[in-house]
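Written below as structure tokens is the structure these notes are about.
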Amino acid sequence: MDASQILERRSLRRKLGRWRIFAFLFFAVALAIGWSAWMQEDGSAPTSRDHIARVSIGGVIMDDQELVERLDGIAGNDAVKGLIVSLNSPGGTTYGGEVIYKAIRRVAAKKPVVTDIRTLAASAAYMVAVGGDHIVAGETSLTGSIGVIFQYGQFKPLLDKLGVSWEEIKSAPLKAEPSPFHTPPPESLQAIRGTVMDSFDWFVTLVSERRKLSRQEALKLADGRIFTGRQAKEVKLVDALGGEAEIRDYFEAKKVAADLPIVEWTAKKETSLFGVGALARQMLGMVGLDWALDLKSFGKLSNDKMLLDGLVSVWQFDQK
């Protein structure tokens, strides 16, 4: 074999190698797109097979439109035969709890819903919990803390020491009250208490209706205290103690097949730049191109802020 033939063969091998790489990439992306079409948009739950959906709610509860849309998607998905709402939260804003509660009730209008209280589901998280048809908790889970709170700082003593005053010109005495820069007048505290008690009344009514308690029974439990799972079961704030086995028992009683898989419906974290799911990341990662799926994250601001607007229903403990 002469030199020209050797060079020609090497050139052919290089071209063949490039075509193999291209074919592999094409196959990987095509497979990912096909898988994504079978999966839900966020890559978390198959839409074509019967299953029980699970939604996990943790951290501080706020007005979460993505979660509401996810729950509405579950409500309208015929492949979902039941829903488990797993809770591990100290609570959050009353409005955040309200909108999630209402979204869960929309699901419950079409299919059975079980609330699974894990380590903690207090305050607004318990508000969310009563959206389920059946509440299951661990024996040592913490729940309850039924109530509403409004908090504000008071800087006037510090300003007085520094010799600084804060003056205001406002349209009415109750505008921007209570203020952290002066002692609030009695009428300001009375107005704020009115809003707190109105939300509290709504919360207590909700507990009374959903847990089939008299209003007096609900008010007795709504003094802000927390309960262990065992205590909560005794006072009818939860229905059963246990875990997945007890949840399965309830679904079976509601004619939901015992062998259905439980599938986590997660937030749309894994949706890629090309509309493919987690599999696309894995496939492209094999050839070093997974960075393309993260382009959308550049310049993104953190969503982990702990800013609670509005009235708050959250269990707080002494951290000293």
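Within the stretch 104-114, one or more residues are buried (at least 24 other Cβ atoms within 10 Å of the Cβ) and closer than 17 Å to Gly243 by Cα. Note on the stretch 205-223: among residues that are charged (D, E, K, R) and not in a loop (DSSP other than H, G, I, E, B), the one that is surrounded by the most Cβ atoms within 10 Å (Cβ to Cβ) is Arg210. Inside the stretch 245-257, residues that are in contact (Cβ under 8 Å) with a residue 60 or more places away in the chain and not in a loop (DSSP other than H, G, I, E, B) make up a count of 4. Listed conditions (1) in contact with a Phe, Trp or Tyr (Cβ under 8 Å, 6 or more places away or on another chain); (2) modelled with pLDDT of 95 or more; (3) not assigned by TED's automatic domain parsing to the domain that holds Ile100 are all met by Ile192, apart from (2).
Matching residues to (1) farther than 24 Å from Gln151 by Cα; (2) touching an Asp or Glu at 6+ places or on another chain (Cβ under 6 Å); (3) modelled with pLDDT under 95:
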residue	(1), (2), (3)
Leu219	no, no, no
Lys233	yes, no, no
Asp239	yes, no, no
Lys268	yes, yes, yes
Gly277	yes, yes, yes
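Looking at (1) surrounded by 15 or more Cβ atoms within 10 Å (Cβ to Cβ); (2) out of contact with any strand residue (DSSP E or B) (no Cβ under 6 Å at 6 or more places or on another chain), can you tell me which one Pro186 breaks? Result: Pro186 passes all but (1). Residues of the stretch 140-168 being without any contact (Cβ under 8 Å) to a residue 40 or more places away in the chain and of a type outside the set (D, E, K, R), which ones? Within the stretch 140-168, Tyr152, Gly153, Gln154, Phe155, Pro157, Leu158, Leu159, Leu162, Gly163, Val164, Ser165, Trp166 meet the criteria.
The values are calculated or read from the model by the stated rules, or taken from the named source; none is laboratory data. Just so it is clear, the structure is predicted and the values come from calculations on it, not from any experiment. All Cβ positions, glycine included, derive from the backbone under ideal geometry; neighbour counts span all protein chains shown.
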